[in-house]
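Report on the structure given below.
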C-alpha cells in the first residue's frame with residue numbers, strides 16, 4: 001500500500017497534470033472525476049504521469065472508469081464500501097480503499113474486504129465535504145479496531161501531523177488545493 005494518498009478535488013485542484021507530475025515517488029493519486037465528460041481522457045494522461053513517478057492511480061467512486069483506464073484500483077465512499085469484495089473478485093490486483101467517518105464505518109469497510117480505510121476528518125478542515133473532526137484519540141481507536149492500513153485525512157498539515165507520529169498508520173492522505 002502507498003504511504004501517501006493524494007485526492008483530487010474537482011473544485012480546488014487547478015491543474016491535475018501538474019499535480020501528477022509532482023507526486024512523490026510511490027504515492028497514489030485518487031482521481032475524483034465525478035462523471036466529468038472528459039474523465040477518461042484526463043484519466044489516461046494522469047495514469048501515464050503517475051506510473052512514470054512509480055505511483056498508482058485510484059479512481060474515486062467509479063469502478064467502470066477505473067477498469068476502462070487500467071487503473072490500479074478504486075476509492076469508495078463510505079456508503080459504497082460493501083462493494084469492495086465483489087470489485088476485488090472481478091479485479092484481483094486492484095487496491096480498494098474506502099472512506100470511514102466513524103469506528104463503526106471502519107469496521108464495516110474492513111468486513112467488506114477493503115485494502116485500506118481513509119478516515120476523515122481527523123482535524124478541522126476547510127474542505128466542503130469535511131464533517132466534524134474526530135481528533136487524534138478517536139483516530140487511534142479506529143487504528144486499533146481494524147487490521148487494515150488506515151490513512152488520516154482532513155486537516156493534516158505540518159502543524160498537526162506530529163500528533164499522529166506514534167500511530168500505526170499506513171500513511172497520510174491529502175486533498176490537493178486545501
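Key figures for this structure:
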{"read-out": "Every residue from the range 40-60 that is in contact with a helix residue (DSSP H, G or I) (Cβ under 7 Å, 6 or more places away or on another chain) and either at pLDDT below 95 or surrounded by fewer than 19 Cβ atoms within 10 Å (Cβ to Cβ) (or both)", "value": "40, 42, 44, 45"}
{"read-out": "Top-ranked residue in the range 74-89 [being free of Cβ contacts under 8 Å to residues at least 24 places away in the same chain and outside any loop (DSSP other than H, G, I, E, B); ranked as surrounded by the most Cβ atoms within 10 Å (Cβ to Cβ)]", "value": "74"}
{"read-out": "Residue in the range 104-118 that is outside any loop (DSSP other than H, G, I, E, B) and over 15 Å from residue 150 (Cα atoms) present", "value": "no"}
{"read-out": "Selection from the range 119-131 of residues that are assigned to a loop (DSSP other than H, G, I, E, B) and either at pLDDT 90 or above or touching a helix residue (DSSP H, G or I) at 6+ places or on another chain (Cβ under 7 Å) (or both)", "value": "120, 121, 122, 123, 124"}
{"read-out": "Some residue of the range 156-174 being within 21 Å of residue 43 (Cβ to Cβ) and either in contact (Cβ under 8 Å) with a residue 12 or more places away in the chain or touching a helix residue (DSSP H, G or I) at 6+ places or on another chain (Cβ under 8 Å) (or both)", "value": "yes"}
{"read-out": "Subset of the range 11-35 [surrounded by 15 or more Cβ atoms within 10 Å (Cβ to Cβ) and over 14 Å from residue 51 (Cβ atoms)]", "value": "13, 16, 19, 30, 32, 33"}
{"read-out": "Qualifying residue in the range 94-103 (condition: under 29 Å from residue 146 (Cα atoms), in contact (Cβ under 8 Å) with a residue 60 or more places away in the chain, under 11 Å from the mean Cα position of the chain (by Cα) and not in a strand (DSSP E or B))", "value": "no"}
{"read-out": "Matching option when the condition is touching a residue at least 12 places away in the same chain (Cβ under 8 Å), closer than 15 Å to residue 16 by Cβ, in contact with a helix residue (DSSP H, G or I) (Cβ under 6 Å, 6 or more places away or on another chain) and in a loop (DSSP other than H, G, I, E, B), among 33, 71", "value": "33"}
{"read-out": "Residue match in the range 117-125 (condition: more than 12 Å from the chain's Cα centre (by Cα) and surrounded by fewer than 18 Cβ atoms within 10 Å (Cβ to Cβ))", "value": "yes"}
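Here is a yes/no grid of residues against (1) without any contact (Cβ under 8 Å) to a residue 40 or more places away in the chain; (2) within 16 Å of residue 75 (Cα to Cα); (3) under 18 Å from the mean Cα position of the chain (by Cα); (4) surrounded by 17 or more Cβ atoms within 10 Å (Cβ to Cβ):
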| residue | (1), (2), (3), (4) |
| --- | --- |
| 110 | yes, yes, yes, yes |
| 113 | yes, yes, yes, yes |
| 133 | yes, no, yes, yes |
| 140 | yes, no, no, yes |
| 145 | no, no, no, no |
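The values are calculated or read from the model by the stated rules, or taken from the named source; none is laboratory data. The structure presented is a predicted model; accordingly, all values stated were derived computationally and were not measured. Cβ coordinates were reconstructed from backbone atoms using ideal geometry, including for glycine residues, and neighbour counts include every protein chain displayed.
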